[in-house]
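Below is one structure, written out as C-alpha coordinates; comments come after it.
The values are calculated or read from the model by the stated rules, or taken from the named source; none is laboratory data. What you see is a predicted model; the values in this text were computed from it and never measured. Glycine gets a Cβ as well: all are built from the backbone with ideal geometry, and neighbour counts include every protein chain shown. For accessibility, only protein heavy atoms count, side chains too; no ligands or nucleic acids. Shrake-Rupley method; radii C 1.70, N 1.55, O 1.52, S 1.80 Å.
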Amino acid sequence: MSAARLDDIDRKILAELQADGRMTNVELARRVGISAPPCLRRVRALEESGFIRGYHADVDPRELGLEVQVFAMVRLKSQSERDLSAFEGQARSWPLVRECHMLNGEIDFILKCVSPDLPTFQRFLTESLTAADNVASVKTSLVIRCAKDEPAIPFEIVDARVNEG
(Lines give C-alpha, C1' and ligand atoms only; values in the text may rest on other atoms or scores of the structure.)
Protein backbone atom coordinates (compact mmCIF):
# COMPACT_ATOMS: atom_id res chain seq x y z
CA MET A 1 0.00 0.00 0.00
CA SER A 2 1.67 3.26 -1.12
CA ALA A 3 0.69 6.78 -0.10
CA ALA A 4 -0.96 7.29 -3.48
CA ARG A 5 -3.17 4.24 -2.87
CA LEU A 6 -4.50 5.55 0.44
CA ASP A 7 -7.98 6.97 0.12
CA ASP A 8 -9.37 10.00 1.95
CA ILE A 9 -10.67 7.87 4.83
CA ASP A 10 -7.28 6.18 5.37
CA ARG A 11 -5.54 9.57 5.43
CA LYS A 12 -8.16 10.90 7.87
CA ILE A 13 -7.63 7.86 10.10
CA LEU A 14 -3.88 8.45 10.10
CA ALA A 15 -4.27 12.15 10.84
CA GLU A 16 -6.71 11.52 13.70
CA LEU A 17 -4.61 8.78 15.29
CA GLN A 18 -1.52 10.93 14.95
CA ALA A 19 -3.29 13.70 16.88
CA ASP A 20 -4.68 11.33 19.52
CA GLY A 21 -3.58 7.70 19.48
CA ARG A 22 -5.59 6.92 22.62
CA MET A 23 -9.06 7.52 21.23
CA THR A 24 -11.40 4.56 21.01
CA ASN A 25 -12.18 2.95 17.69
CA VAL A 26 -15.78 4.15 18.05
CA GLU A 27 -14.63 7.77 18.43
CA LEU A 28 -12.18 7.39 15.54
CA ALA A 29 -14.92 5.97 13.32
CA ARG A 30 -17.20 8.88 14.23
CA ARG A 31 -14.51 11.43 13.41
CA VAL A 32 -13.75 9.95 9.99
CA GLY A 33 -17.38 9.29 9.10
CA ILE A 34 -17.59 5.49 8.95
CA SER A 35 -18.89 2.75 11.26
CA ALA A 36 -16.66 1.08 13.84
CA PRO A 37 -16.08 -2.37 12.24
CA PRO A 38 -14.69 -1.12 8.91
CA CYS A 39 -12.70 1.53 10.79
CA LEU A 40 -11.03 -1.16 12.87
CA ARG A 41 -10.28 -3.21 9.73
CA ARG A 42 -8.71 -0.15 8.10
CA VAL A 43 -6.58 0.61 11.18
CA ARG A 44 -5.32 -2.97 11.27
CA ALA A 45 -4.51 -2.84 7.54
CA LEU A 46 -2.61 0.44 8.08
CA GLU A 47 -0.66 -1.17 10.92
CA GLU A 48 0.13 -4.33 8.94
CA SER A 49 1.27 -2.36 5.88
CA GLY A 50 3.65 -0.23 7.97
CA PHE A 51 1.89 3.14 7.79
CA ILE A 52 1.35 2.97 11.55
CA ARG A 53 4.61 2.00 13.22
CA GLY A 54 3.39 2.13 16.81
CA TYR A 55 1.66 4.14 19.51
CA HIS A 56 3.68 6.22 21.94
CA ALA A 57 3.18 8.64 24.79
CA ASP A 58 4.79 12.06 24.32
CA VAL A 59 6.90 12.12 27.47
CA ASP A 60 8.60 15.36 28.51
CA PRO A 61 12.27 14.50 29.16
CA ARG A 62 12.76 17.53 31.42
CA GLU A 63 9.99 16.34 33.73
CA LEU A 64 12.04 13.17 34.23
CA GLY A 65 15.26 15.06 34.96
CA LEU A 66 16.79 14.94 31.48
CA GLU A 67 17.59 18.65 31.44
CA VAL A 68 20.29 18.68 28.77
CA GLN A 69 19.73 18.19 25.05
CA VAL A 70 22.68 18.21 22.66
CA PHE A 71 23.10 17.72 18.93
CA ALA A 72 26.35 15.97 18.06
CA MET A 73 27.68 16.20 14.51
CA VAL A 74 29.91 13.23 13.80
CA ARG A 75 32.46 12.84 11.03
CA LEU A 76 33.84 9.35 10.40
CA LYS A 77 37.28 8.36 9.11
CA SER A 78 35.76 5.90 6.63
CA GLN A 79 32.37 5.98 4.93
CA SER A 80 32.33 2.40 3.67
CA GLU A 81 28.92 0.78 4.09
CA ARG A 82 30.36 -1.60 6.66
CA ASP A 83 31.73 1.30 8.74
CA LEU A 84 28.54 3.34 8.41
CA SER A 85 26.45 0.36 9.55
CA ALA A 86 28.82 -0.31 12.44
CA PHE A 87 28.49 3.27 13.66
CA GLU A 88 24.68 3.12 13.37
CA GLY A 89 24.73 -0.04 15.50
CA GLN A 90 26.81 1.71 18.13
CA ALA A 91 24.51 4.74 18.12
CA ARG A 92 21.48 2.48 18.65
CA SER A 93 23.19 0.98 21.70
CA TRP A 94 23.87 4.30 23.47
CA PRO A 95 20.93 5.24 25.75
CA LEU A 96 21.68 8.97 25.63
CA VAL A 97 21.32 8.97 21.82
CA ARG A 98 17.65 9.37 20.96
CA GLU A 99 17.98 9.98 17.22
CA CYS A 100 20.68 9.15 14.69
CA HIS A 101 20.54 10.44 11.13
CA MET A 102 23.07 9.83 8.36
CA LEU A 103 23.69 13.00 6.36
CA ASN A 104 25.07 13.91 2.97
CA GLY A 105 27.93 16.38 3.05
CA GLU A 106 30.69 17.32 5.45
CA ILE A 107 29.05 15.66 8.46
CA ASP A 108 28.29 11.93 8.33
CA PHE A 109 25.81 11.71 11.22
CA ILE A 110 23.84 13.98 13.49
CA LEU A 111 22.83 12.60 16.86
CA LYS A 112 20.16 14.00 19.13
CA CYS A 113 21.19 13.28 22.71
CA VAL A 114 19.58 13.81 26.10
CA SER A 115 21.29 13.81 29.47
CA PRO A 116 20.45 14.64 33.06
CA ASP A 117 23.35 17.10 33.25
CA LEU A 118 26.46 18.33 31.45
CA PRO A 119 28.97 16.13 33.33
CA THR A 120 27.01 13.00 32.29
CA PHE A 121 26.97 14.13 28.67
CA GLN A 122 30.68 15.01 28.85
CA ARG A 123 31.49 11.49 30.08
CA PHE A 124 29.47 10.00 27.22
CA LEU A 125 31.20 12.30 24.75
CA THR A 126 34.74 11.49 25.85
CA GLU A 127 34.37 7.85 26.91
CA SER A 128 31.98 6.57 24.26
CA LEU A 129 31.34 8.83 21.29
CA THR A 130 34.77 10.28 20.51
CA ALA A 131 36.41 7.02 21.60
CA ALA A 132 34.32 4.94 19.18
CA ASP A 133 36.03 3.18 16.29
CA ASN A 134 36.16 5.18 13.06
CA VAL A 135 35.11 8.53 14.63
CA ALA A 136 37.29 11.30 13.19
CA SER A 137 35.66 14.28 14.90
CA VAL A 138 32.62 15.37 16.85
CA LYS A 139 31.15 18.85 17.10
CA THR A 140 28.42 19.47 19.64
CA SER A 141 25.75 22.11 20.07
CA LEU A 142 23.83 22.50 23.30
CA VAL A 143 20.12 23.19 22.83
CA ILE A 144 19.14 26.44 24.56
CA ARG A 145 15.43 26.13 23.81
CA CYS A 146 13.14 24.42 21.35
CA ALA A 147 10.84 26.54 19.22
CA LYS A 148 9.19 23.57 17.50
CA ASP A 149 9.16 19.84 18.13
CA GLU A 150 6.56 18.40 15.77
CA PRO A 151 7.12 14.71 15.08
CA ALA A 152 3.77 14.42 13.28
CA ILE A 153 3.37 14.06 9.51
CA PRO A 154 1.97 17.25 7.86
CA PHE A 155 -1.18 15.76 6.33
CA GLU A 156 -2.13 19.05 4.70
CA ILE A 157 0.93 18.59 2.46
CA VAL A 158 0.21 14.89 1.84
CA ASP A 159 -3.39 15.66 0.91
CA ALA A 160 -2.34 18.51 -1.40
CA ARG A 161 0.11 16.22 -3.26
CA VAL A 162 -2.51 13.48 -3.64
CA ASN A 163 -5.06 15.97 -4.94
CA GLU A 164 -2.52 17.32 -7.50
CA GLY A 165 -1.79 13.86 -8.90
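Remarks
- Nearest-ten-degree value, helix 36-48 long axis tilted from longest Cα axis of the chain: 30
- Taking segment 81-105 and a reference point 7 angstrom along Cα→Cβ of Asp133, the backbone N atoms nearer than 12 Å belong to 82-90.
- Of all accessible heavy-atom area on the chain, the percent that carbon and sulfur account for (1.4 Å): 51
- Database remark: amide H of Asp108 closer than 5 angstrom to the amide H of Val74, Arg75, Leu76 (H placed geometrically; neighbours at sequence offset of 5 or more, or on other chains; Pro and chain starts carry no H).
- Rounded accessible area of Ile9 (nearest 10 Å², 1.4 Å probe): 30
- For the residues Asn104, Asn134, Asn25, a GNM of the chain with alpha-carbon springs under 10 Å puts the largest fluctuation on Asn104.
- Per residue, the accessible area of the chain comes to 68 Å² when a 1.4 Å probe rolls over the protein heavy atoms.
- Here is the list for segment 60-165: GluC sites (Glu not before Pro) lying in DSSP coil, each with at most 16 other C-beta atoms within 10 angstrom of its C-beta, are Glu67, Glu106.
- Amide H contacts under 5 Å for Thr140: Met73, restricted to partners 5 or more places along the chain or on a different chain, H placed in the peptide plane at 1.01 Å from N.
- Folded to 0 to 90 degrees: helix 8-19 orientation relative to the chain principal axis, Cα: 50
- Between the helical axis of 81-93 and the longest alpha-carbon principal axis of the chain there is an angle of about 80 degrees.
- Take the Cα radius of gyration of the chain and divide it by 2.2 N^0.38 Å, N being the number of residues; the result is 1.32.
- One Cα centroid belongs to segment 94-137, the other to segment 46-69; the line between them spans 20 Å.
- In a DSSP loop and with at most 16 other Cβ atoms within 10 Å, the trypsin sites (Lys or Arg not before Pro) in segment 15-83 are Arg22, Arg53, Lys77.
- Once the convex hull of all Cα atoms in segment 70-156 is built, its volume per residue stands at 125 Å³.
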